Amino acid sequence: MASYGGYTKTGYGTQAGNDGGGFMGASQQGSQGGGSKSYSDDSLRPVTIKQLVDCEEAYPGADLEIDGIPITQVTVVGQVRAVNPQATNITYKLDDGTATMDVKKWVDAEKADDNDPKFAPDTYVRVWGRLKNFNGKKHIGAHFIRAIDDGNEVSYHLLEAAYVHLYFTKGAAAAGGGGNAAGGGDSMFVDGGGYTAGGNGGAVPGGGAGNARLAKCSRNAQSMFNYLNNSPEGNEGMHLNTIATNTGMSVRDVLGAADELLGSGLVYTTIDDETWAILDY
Amino acid sequence: MEAASTPRITCGYLDTYVGKNVMVVGKVLQLRGEEAVIDADGNITVHLNRDSHIMVNSGVQVIGKVNPDLSIKALSSLDLGTGIDYNLANTVVEVAHQHKSMFQYEQ
């Protein structure tokens, strides 16, 4: 098992059987400049298979990214096109209409084989796993696979993948209202344009002009602005470190976001160069 | 891992996908031997293959090739049961066409 470790940065996590993502090959991360990886960075992202096929690493050995965000765990929904049982794993060819990709479910030899359900061709399944890049060929190392009984889950998954894609590329749908995200899928997606600039309208008191400018900002800048906007602090604003801690961004990201917000006239510096408040007018 | 998609479409997109493989989710309205009419935001005639097992009033997913007369020659069909939200399926088609980079390769 350990002998595979050298091939890929993340190690062959799925080989640990049910422990799935637990083994991240921490020792191999040491050479990486960009800080250590931990469970707190893990997220579960719904994606289409085409996004996985298209995604690329910024430089050899870097994290695989979609929309500029490193991907950790992913979930896909697709139809089984081929089943290929092997000694150590079962390889399924999964097709969701956008592309096809191999999914490997590792088999624990010590456990009874009968417990592992096998999925017949043409059945719809949902897969949770990690994207692996092995000798230049990508596949999904599945932690878990289950069959889909409700045909609507396929539609739901594709819409959720689209929502997350838009969230990362254009910012959150609405600053204060988590309810919107859960609410009507129809209005949110079909409207198209209203989603970006208008989405912030309800929650941000700054006025129409500010919203349009905020909509053009990066995701970091938007989350910094939203944090400032939702903080009860007085007119002294918020310090760099406070913002970094509370938004979970790095200090460098906050500085970049602040530059962007300053440039578009949405915030101003108060008691020193590292403290910002929202420019209300 | 070929770069081929079967885009999800509805009736209105048929004429832009003539000769291409597509995926349609709709409700079976009529079944006449090897020909079926399904409703996917409009009626589509589907020429079924021998292994198609579909039922009237049930939801179905058809993957097939669009003929020049805008009917579809089915390559595979899957019965989805009766609990399908067709508005949702049609919304997916609209969203997929607004964000093609996520959903389909240029053909």
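The values are calculated or read from the model by the stated rules, or taken from the named source; none is laboratory data. Nothing here was measured: the structure is a model prediction, and the numbers come from that model. Note that each Cβ is placed from the backbone with ideal geometry, even for glycine, and that neighbours are counted across all protein chains shown. SASA here: full protein model, heavy atoms, side chains in, ligands and nucleic acids out. Shrake-Rupley method; radii C 1.70, N 1.55, O 1.52, S 1.80 Å.
Quick check: anything in the stretch B:51-59 surrounded by fewer than 22 Cβ atoms within 10 Å (Cβ to Cβ), within 12 Å of chain A (Cβ to nearest Cβ) and within 17 Å of residue A:98 (Cα to Cα)?
no
What are the pairs, 6+ residues apart or on separate chains, where a residue within the stretch A:149-166 that is polar (S, T, N, Q) has its Cβ under 6 Å from a residue that is surrounded by fewer than 18 Cβ atoms within 10 Å (Cβ to Cβ)?
A:152/B:85
Since residue A:163 meets every condition but one in (1) within 14 Å of chain B (Cβ to nearest Cβ); (2) modelled with pLDDT of 90 or more; (3) more than 27 Å from residue B:76 (Cα to Cα); (4) open to solvent by less than 30 Å² (accessible area, probe 1.4 Å), which condition does it not meet?
(4)
On the basis of being open to solvent by less than 20 Å² (accessible area, probe 1.4 Å) and more than 14 Å from chain A (Cβ to nearest Cβ), does residue B:14 make the cut?
Working: open to solvent by less than 20 Å² (accessible area, probe 1.4 Å): yes; more than 14 Å from chain A (Cβ to nearest Cβ): yes.
When the stated conditions are applied, residue B:14 passes them.
Taking the stretch B:17-45 as the search range and keeping residues that are part of a strand (DSSP E or B) and closer than 22 Å to residue B:4 by Cα, which one is farthest from the chain's Cα centre (by Cα)?
Going residue by residue through the stretch B:17-45, those that are part of a strand (DSSP E or B) are B:18, B:21-32, B:35-39, B:43-45.
If we keep only those that are closer than 22 Å to residue B:4 by Cα too, we end up with B:18, B:21-25.
Details: B:18: 13, B:21: 9, B:22: 6, B:23: 4, B:24: 2, B:25: 5 Å.
It comes out as B:18.
Across the stretch B:92-107, what is the number of residues that are within 14 Å of the chain's Cα centre (by Cα) and either of a type outside the set (A, V, I, L, M, F, W, C) or loosely packed, with under 14 Cβ neighbours inside 10 Å (or both)?
Total satisfying the criteria: 1.
Residue under question is residue B:93, and the condition is that it be out of contact with any Cys (no Cβ under 7 Å at 6 or more places or on another chain), assigned to a strand (DSSP E or B), closer than 23 Å to residue A:166 by Cβ and within 10 Å of chain A (Cβ to nearest Cβ); does it hold?
When the stated conditions are applied, residue B:93 does not pass them.
Go through the stretch A:120-132 and report how many residues are assigned to a strand (DSSP E or B) and either at pLDDT 90 or above or within 12 Å of chain B (Cβ to nearest Cβ) (or both). Don't jump to the end; show me each part of the working.
Step one: filter the stretch A:120-132 for residues assigned to a strand (DSSP E or B), giving A:124-132.
With the extra rule that they be either at pLDDT 90 or above or within 12 Å of chain B (Cβ to nearest Cβ) (or both), the set shrinks to A:124-131.
Residues flagged as assigned to a strand (DSSP E or B) and either at pLDDT 90 or above or within 12 Å of chain B (Cβ to nearest Cβ) (or both) within the stretch A:120-132 amount to 8.
Please state which of the following conditions residue B:75 fails to meet, knowing it meets all the rest: (1) within 14 Å of chain A (Cβ to nearest Cβ); (2) in contact (Cβ under 8 Å) with a residue 40 or more places away in the chain; (3) surrounded by 20 or more Cβ atoms within 10 Å (Cβ to Cβ).
(3)
Hey, can you tell me all the residues within the stretch A:256-274 that are of a type outside the set (D, E, K, R) and surrounded by fewer than 18 Cβ atoms within 10 Å (Cβ to Cβ)?
First, pick out the residues of the stretch A:256-274 that are of a type outside the set (D, E, K, R): A:256-258, A:261-271.
If the condition is that a residue be of a type outside the set (D, E, K, R) and surrounded by fewer than 18 Cβ atoms within 10 Å (Cβ to Cβ), then A:256, A:262, A:263, A:264, A:265, A:268, A:269, A:270, A:271 are the ones that fit.
Could you look through the stretch A:140-154, keep only residues that are out of contact with any Ser or Thr (no Cβ under 7 Å at 6 or more places or on another chain) and surrounded by fewer than 22 Cβ atoms within 10 Å (Cβ to Cβ), and pick out the one that is farthest from the other protein chains (Cβ to nearest Cβ)?
Filtering the stretch A:140-154 for residues that are out of contact with any Ser or Thr (no Cβ under 7 Å at 6 or more places or on another chain) and surrounded by fewer than 22 Cβ atoms within 10 Å (Cβ to Cβ), the one farthest from the other protein chains (Cβ to nearest Cβ) comes out as A:144.
Condition check: open to solvent by less than 60 Å² (accessible area, probe 1.4 Å) and away from chain A (no Cβ under 12 Å). Does residue B:24 satisfy that?
In short, no.
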